[in-house]
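Since the structure comes first, as structure tokens, the remarks are kept for the end.
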Amino acid sequence: MYLKWLYLMALTFVWGSMFILIKKGLIGMGPYQLGALRIVFTTLFLAGFSYQTLKHIHKAQWKWILISGFIGAFFPSFLLALAETEVDSSVVSMLNSLVPLNTVLLGFAVFGIASTKRQVAGIIIGFIGTSLLIFKGATLHSNQNYFYILYVIISTLMYAANVNIIKRFLQDVKPLYIVTGNYLSIFLPALAVLFWSEFFTQTTFGDPNFEMAVFYVGILALFGTALLKLLYYKLVQISTPAFSSSVTYLIPLVAIIWGVLDGESFSAIQGVAASVILVGVFLSNKTNIKKV
């Protein structure tokens, strides 16, 4: 019981710091370059100590490993980077809180995974708090292009589908095996994007912010991707899909702190909304015999 809360807190800090790292990385490279380099770095980190785990993945499981890799890692890496070219990192993190709601909806409608009434109430309350955060963020940042939030919304749908796939089809596969299989499956496509985005050119290497951008992406890949995925998949396996996705309710709290330290705006009403989100997290962890 306490272990899943420990994972939740660790994921909150690691994942909440991810958005500011993306923001810093974009200073010295484009969104496609950042997304692809992040995947390449993560794959290299994992391959250095875990490639032998692939032999433990059964042939029938590879289909779901591949699908999980693309919808849970490949496409979101680019979508979130694209979003942060126009929207503040703290706002993107707030929008990321749509994942739990989408997880419940997809789990019920597509995967046949039931949730309790109390969990659904927690998701709804958390979503209300998230909506308040988004609304106030839009007011504070009226000069930003909020059409780019569509990239975040699409990524949350993909994350939600990935949670349900892991819970439904990869429940018996160790998290390290899943993560390693995910990234080795998308390594070559990411490398292709890296070449396509003209990463290996003098223009890119000559940018005065390039070296620091690579440093931030390296940190992002090691802690915000490789470590994060291992912790998250483990959390998915030892808890419910609703609870494991509730980490995204807490992520904005960390991301907002980083954003404020970096000069982004934050108001008192956003603090109230954040408290509402915490109530949603608490309720989503409660169980009830009666299902809906």
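The values are calculated or read from the model by the stated rules, or taken from the named source; none is laboratory data. In this text, all values refer to a predicted model and were calculated from it rather than measured experimentally. Neighbour counts are summed over all protein chains in view; Cβ atoms, including those assigned to glycine, are modelled from backbone coordinates with ideal geometry.
Look through region 138-185, keep the residues that are of a type in the set (Gly, Ala, Ser) and within 22 Å of Phe78 (Cβ to Cβ), and return whichever of them is modelled with the lowest pLDDT. If we take residues in region 138-185 being of a type in the set (Gly, Ala, Ser) and within 22 Å of Phe78 (Cβ to Cβ), then Ala160 is modelled with the lowest pLDDT. For region 71-97, which positions are hydrophobic (A, V, I, L, M, F, W, C), under 13 Å from the mean Cα position of the chain (by Cα) and either surrounded by fewer than 24 Cβ atoms within 10 Å (Cβ to Cβ) or within 25 Å of Val173 (Cβ to Cβ) (or both)? The answer is Ile71, Ala73, Phe74, Phe75, Phe78, Leu79.
Within the span defined as region 137-149, every residue fails to be over 22 Å from Glu84 (Cβ atoms) and either without any contact (Cβ under 8 Å) to a residue 24 or more places away in the chain or part of a helix (DSSP H, G or I) (or both).
Within region 160-206, being exposed (fewer than 14 other Cβ atoms within 10 Å of the Cβ) and in a loop (DSSP other than H, G, I, E, B) holds for Gln171, Asp172, Glu198, Phe200, Thr201, Gly206.
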